[in-house]
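The values are calculated or read from the model by the stated rules, or taken from the named source; none is laboratory data. For clarity, every value in this text was computed on a predicted model and none was experimentally measured. Cβ placement follows ideal geometry from the backbone for every residue including glycine, while neighbour counts extend to all protein chains displayed. In case anyone asks, the SASA skips ligands and DNA or RNA and just uses the protein heavy atoms, side chains included. Shrake-Rupley method; radii C 1.70, N 1.55, O 1.52, S 1.80 Å.
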Amino acid sequence: MNRTDRLYALVEELRAVAPRPRSASWLARRFEVSVRTVERDISALQQSGTPIYAEPGRTGGYCLDKAHTMPPVNLTAAEAVAMAIALRHLDGTPFRAEGRSALRKLVAAMRREDAAEAQHLAASVHLLGAGPIPPMPPVLNIRRVLRIRYADRAGAVTRREIEPLGYVGKPEHWYLIAWCRLRREIRAFRTDRIASFTVTSEVPPLRRLRPEDLDIPHGDVEQLTLAG
């Protein structure tokens, strides 16, 4: 067990028995490390703000203040990205820094594989302009080929198979950037013009969305980040 996993397991062990204590020697046997290692781990957790305190006496040990902790956070990748987008509405307010700090803490508490997926999804979202971004449409599965019915600006509807690459959000609309098999090139689909879509089981070939592929003539494009 590496140290990161052990720190998490220590907190969960203390949470499970709270408010009863666990001695350093008991924890050392449980995790097959030395008492000194347990004491260093507990100190690191305390310094990070985890509410662990020592209870003296023969039956004492380390206790976790269960009232001031939260259970494990199991955000999905889409939920984490949705929060990052929502936090942009705090720009220009006194709470911008606190909101971004809260997001970083939540991402840090996610399972490693979920956090990695969230980072991948965030990297596929680009924002244009400094104004407020409209609500994001339901996040489509960007790892599968989609069959869509799409209406152009004149209202003409076509059926297409597309390979999603990412999103661009503007103050007015969201666009799904995808490789269009009908046109055989990268196209931007305004999401409010997608009349319907079906997620297929086909995994598209790997394509990288480069900044120059977006070909946006006005404004600076900013890639979404979960780093705050």
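Remarks
- Within-15-Å neighbourhood charge of A78 [Cβ basis; K, R +1; D, E -1]: -1
- Heavy-atom accessible surface of region 1-131: percent carbon and sulfur, 1.4 Å: 55
- Around D152: net Lys/Arg minus Asp/Glu count, Cβ-Cβ under 10 Å: +3
- Environment charge of P204, counting only residues whose C-beta is closer than 11 Å and scoring Lys/Arg +1, Asp/Glu -1: +1
- Amide H within-cut-off set for Y167, under 5 Å, with H built and near neighbours excluded: V125, H126, I177
- The slack between E12 and R40, meaning 0.36 nm per residue of separation minus the straight C-alpha distance, is 8.4 nm.
- Residues in region 1-62 average 62 Å² of solvent-accessible surface per residue, probe 1.4 Å, ligands and nucleic acids excluded.
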